[in-house]
Amino acid sequence: MIVSEQPASPTRRRARFPTGVDLLHDPTLNKGTAFSEEERTKLGLKGLLPPRSLTQEQQVQKALDNFHRESSDIAKYLYLMSLQDRNERLFYRVVIDHLQDMMPIVYTPTVGQACQLYGHLWQRPRGLFISAQDRGSVARVMRNWPRGPVRAIVVTDGERILGLGDLGANGMGIPVGKLSLYTACAGIDPAWCLPVTLDVGTNNDALLGDPLYSGLPHHRLPREEYDSLIDEFMEGVAQVFPRALVQFEDFASANAFRLLEKYRHSACCFNDDIQGTAAMCLAGLDSAIRLLPVPELGAQTILFQGAGEAGIGIADLLVAALMADGVSESAAKDRCWFVDSKGLVVTSRGDLSEQKRAYAHDHEAAPDLLSAVKLLKPTALIGVSGQPHTFTRPVIETMAAANEKPVIFALSNPTSKSECTAEEAYAWSGGRAIFASGSPFAPVAYGGRTIVPGQANNAYIFPGLALGVIASGARHVTDAMFLEAARALSAAVGHSDLAQGRIFPPLERIREISRSIATVVAARAYDAGLATTPRPNDIGAFIDGQMYEPRYATYV
């Protein structure tokens with residue numbers, strides 16, 4: 001008889017419980033050396049394990065010792081993936097309890113390097129590859145997935161992986177990493193999570209010339225064929241995994257905007273690069289303005305370097321937040337300015353996309369970022385261009401000359417793509433910058449104090465939001481949910497955080513924060529009539545009951 005220390009996952013309903021080596025080879029059930037003497041005897045494990053039984057805590061210490069023994073970040077990444085393949089609960093126990101050390105390895109920046117090498121590093125199946133060759137049978141491919149019920153899907157087509165560009169099928173590292181954070185940061189049962197890569201080809205010549213590249217060795221599908229595969233994928237989700245939330249991840253801007261618009265009202269889906277980044281950035285701005293002479297969002301002039309999906313998504317949510325505070329749409333858009341590769345986005349330009357035209361101003365042109373900063377004197381500068389070192393010393397010094405506390409967000413990932421470093425932002429602003437970055441930077445000693453840079457990591461937003469959507473059974477994901485998530489994250493930043501230079505709370509609190517975000521998102525779903533589960537009397541307690549804890553079960 002199996003006695004579990006926590007409710008068994010729905011996916012563990014089996015006709016026969018595995019024993020012996022089959023049990024040791026099932027990462028969802030394997031406890032390794034933590035099997036008790038009685039379990040070893042009754043489950044056919046005697047002799048298959050070293051004789052001494054260890055506690056999970058002892059296993060965690062052993063895993064940490066091995067982790068820190070590795071000499072490079074990519075080796076640490078491979079060690080953690082190997083651990084996840086062997087013992088899923090131990091993997092999550094290590095990551096959850098040591099998130100500050102693990103986050104940069106399981107996600108940005110190391111996951112970017114892992115994606116570049118993914119085809120060469122691939123060892124065991126983790127996620128579904130659905131390729132252009134599967135057209136007409138996508139739902140059948142989906143049914144090959146052995147776990148479930150699937151409630152969360154992260155899908156990429158690999159065209160814009162972080163700031164690294166088109167990595168094709170190698171982009172699988174991103175959905176795998178994102179869903180690891182669903183579990184580690186918000187307690188979403190890993191059995192509910194499905195990473196998907198849509199292999200529609202790649203235009204990366206280096207990959208096409210690599211004989212060991214694991215994806216389809218041809219260029220990306222033309223628009224009509226591409227759209228047909230995406231349609232079939234979304235139809236397959238509705239058919240095979242009808243209660244699943246779909247997160248679009250690292251699609252190129254043109255596809256990201258139109259796919260979100262196409263499916264957001266007919267499916268439960270969101271785009272993290274557009275909407276998750278927006279909520280995270282809005283939360284950071286809400287925290288940062290508490291340190292400004294005029295602590296009002298509507299009083300700020302915000303200049304974006306980069307006018308792609310992240311920048312436009314942030315601006316759209318900023319406008320929604322200001323309108324919720326009673327500001328008109330036109331006045332709200334007047335606070336948002338963009339610089340792209342051709343200079344300031346103004347109405348006189350004839351080369352603007354539909355998304356950029358919405359934020360084009362009737363204003364004189366400026367050829368580059370420095371000229372725009374001098375002209376507009378913004379209070380906040382947000383980098384989402386994927387172009388490194390664009391926040392130069394003259395740019396930051398000009399920001400500092402115009403502002404007592406210039407807000408500098410260098411959000412491009414990975415670290416190699418950051419618009420500037422934390423040290424540069426503080427040094428060139430005389431220690432006055434309010435800084436945040438997409439990838440982590442170490443604390444900086446300046447002027448006799450230690451400043452802790454904020455990491456504007458989407459992991460503060462998307463896991464908690466997903467938990468709220470899944471728990472409530474929301475039919476759609478709305479902008480109002482992201483606005484609630486941003487406010488909940490900002491509310492978690494205390495005076496002691498701000499005193500250290502933090503505009504985001506410490507990562508160690510992320511499960512608590514995700515719980516708060518899930519609670520307000522679920523409440524919004526119930527209030528809007530979008531939920532499909534009965535409304536509980538206490539939504540917070542209900543969310544608590546949904547959160548997975550990687551404790552070992554007792555099997556006899």
Just for helices (runs of 4 or more DSSP H) wholly inside segment 477-532: which have at least 1 residues that are at pLDDT 95 or above?
479-491, 510-527
Does segment 424-448 hold any residues that are without any contact (Cβ under 8 Å) to a residue 24 or more places away in the chain, in contact with a Pro (Cβ under 9 Å, 6 or more places away or on another chain) and not small (Gly, Ala, Ser), and which are they?
PRO443, VAL444
Please determine whether any residue of segment 280-297 is buried (at least 24 other Cβ atoms within 10 Å of the Cβ), closer than 30 Å to SER496 by Cα, modelled with pLDDT under 95 and within 21 Å of the chain's Cα centre (by Cα).
no
Counting just the residues of segment 191-237 that are surrounded by 14 or more Cβ atoms within 10 Å (Cβ to Cβ) and polar (S, T, N, Q), which one comes out modelled with the lowest pLDDT?
SER214
Return yes or no: is GLY545 at positive phi and loosely packed, with under 15 Cβ neighbours inside 10 Å?
no
Tell me the residue from ARG14, ARG86, ARG52 that is at pLDDT below 95, more than 20 Å from LYS178 (Cβ to Cβ) and not acidic (Asp, Glu), please.
ARG14
Verdict on ALA332 being over 21 Å from VAL395 (Cα atoms), assigned by TED's automatic domain parsing to the domain that holds ALA410 and modelled with pLDDT of 95 or more
yes
Name the helices (runs of 4 or more DSSP H) wholly inside segment 343-442 in which the number of residues that are over 30 Å from LEU259 (Cα atoms) and not assigned by TED's automatic domain parsing to the domain that holds SER253 is 3 or more.
369-376, 393-402, 422-428
Against the condition over 13 Å from the mean Cα position of the chain (by Cα) and buried (at least 24 other Cβ atoms within 10 Å of the Cβ), how does GLY177 come out, does it pass?
no
Flag for ARG535 being assigned to a loop (DSSP other than H, G, I, E, B) and either under 30 Å from VAL444 (Cα atoms) or modelled with pLDDT under 95 (or both):
no
Can GLY313 be described as under 20 Å from ILE408 (Cα atoms) and in contact with a Gly (Cβ under 7 Å, 6 or more places away or on another chain)?
no
Within segment 31-42, count every residue that is surrounded by 19 or more Cβ atoms within 10 Å (Cβ to Cβ) and not in a helix (DSSP H, G or I).
2
Only one of (1) within 18 Å of GLY383 (Cβ to Cβ); (2) surrounded by fewer than 19 Cβ atoms within 10 Å (Cβ to Cβ) is not met by THR450, so which one is it?
(1)
Going through segment 98-139 in order, the residues found to be among the polar types (S, T, N, Q), surrounded by fewer than 16 Cβ atoms within 10 Å (Cβ to Cβ) and at pLDDT 95 or above are GLN133, SER137
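The values are calculated or read from the model by the stated rules, or taken from the named source; none is laboratory data. Note that the structure is predicted; figures quoted are calculated from it, not measured. Using ideal geometry, Cβ is built from the backbone for each residue, glycine included, and neighbour counts are taken over all protein chains shown.
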